[in-house]
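Accompanying notes for the structure given below.
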Amino acid sequence: MLFRSRPGEIMCRADEPQPNVSTEFKANLFWLGKKPMVPKKKYILKLANTRASVYLKDIEHVLDASELTTETNKSRIGRHDVSECILQTVKPIAFDLTSDIEGTGRFVIIDDYEIAGGGIIVETVADSKSRIQTEAENRSFNWISSSINPEARKERYGQTPKLIVITGP
């Protein structure tokens, strides 16, 4: 059997531990960018073959590497800072914790076409999705039967049911 995957997808056997899939995760991040990393600014996350838009959601604490001091109420991550933070992607991505599989638990952050930071994923954070978003995603993966039977639909809308099969490359 032939499987085709798209860039960024992780394949594993059914008997192996499954990757995490989420839009949020806790990371240890080091920042080398000329400009500080700030919330609400869009960055690009590269993790294995995945490229996704990412935002800084929350900063838990920052270690200033030049002075070896820790701060908890910082609003930005400055150059040469190491932080524990929550990152949020626009779309769900597959990843592993670095403690489980290093290759799919490490990432880099790109800002203005330059690598500005990097880090490791240390914990999965439950998505803060609304009930409507969750329902829409479930509907995409699970077929929900209509409450209108085919005969009533045909009579009401003048539709004739058809099955179209598209095959080939």
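Throughout, read-outs are computed from the coordinates displayed, never taken from laboratory work. Note that this is a predicted model, so its numbers are computed, not measured. For neighbour counting, all protein chains shown are included, and Cβ atoms are generated from backbone atoms with ideal geometry for every residue, glycine included.
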Go ahead and collect, in residue order, the members of region 7-51 whose backbone nitrogen is under 12 Å from a label point 7 Å along the Cα-Cβ direction of residue 115.
32, 46-48
Return the long-range amide H neighbours of residue 80 (sequence gap of 5 or more, or a different chain), with a cut-off of under 5 Å between placed amide H atoms.
31, 32, 33
Could you give the nm distance between label points at residue 69 and residue 149, where each point is 7 Å from its Cα heading toward the beta carbon?
7.5 nm
Take the alpha carbon gyration tensor of region 1-127, find the square roots of its eigenvalues, order them as a ≥ b ≥ c, and report rounded if a/c is under 1.5; if not, report prolate when a/b exceeds b/c, else oblate.
prolate
Take peptides 107-120, 151-164 and line them up by average Cβ neighbours within 10 Å, highest first, as a rough protection proxy.
107-120, 151-164
Add +1 for every Lys or Arg and -1 for every Asp or Glu among the other residues with Cβ under 12 Å from the Cβ of residue 149, and state the total.
+1
Karplus 3J(HN,Hα) series, Hz, for region 87-102 with 6.51 cos²θ - 1.76 cosθ + 1.60 (x for Gly, Pro):
10, 10, 9, 6, 10, x, 10, 9, 7, 10, 6, 4, 5, 8, 9, 5
Can you list which of the GluC sites (Glu not before Pro) found in region 48-88 are DSSP loop residues with at most 11 other C-beta atoms within 10 Å?
67
Please work out the Cα center distance from region 72-94 to region 96-119, rounded to the nearest Å.
12 Å
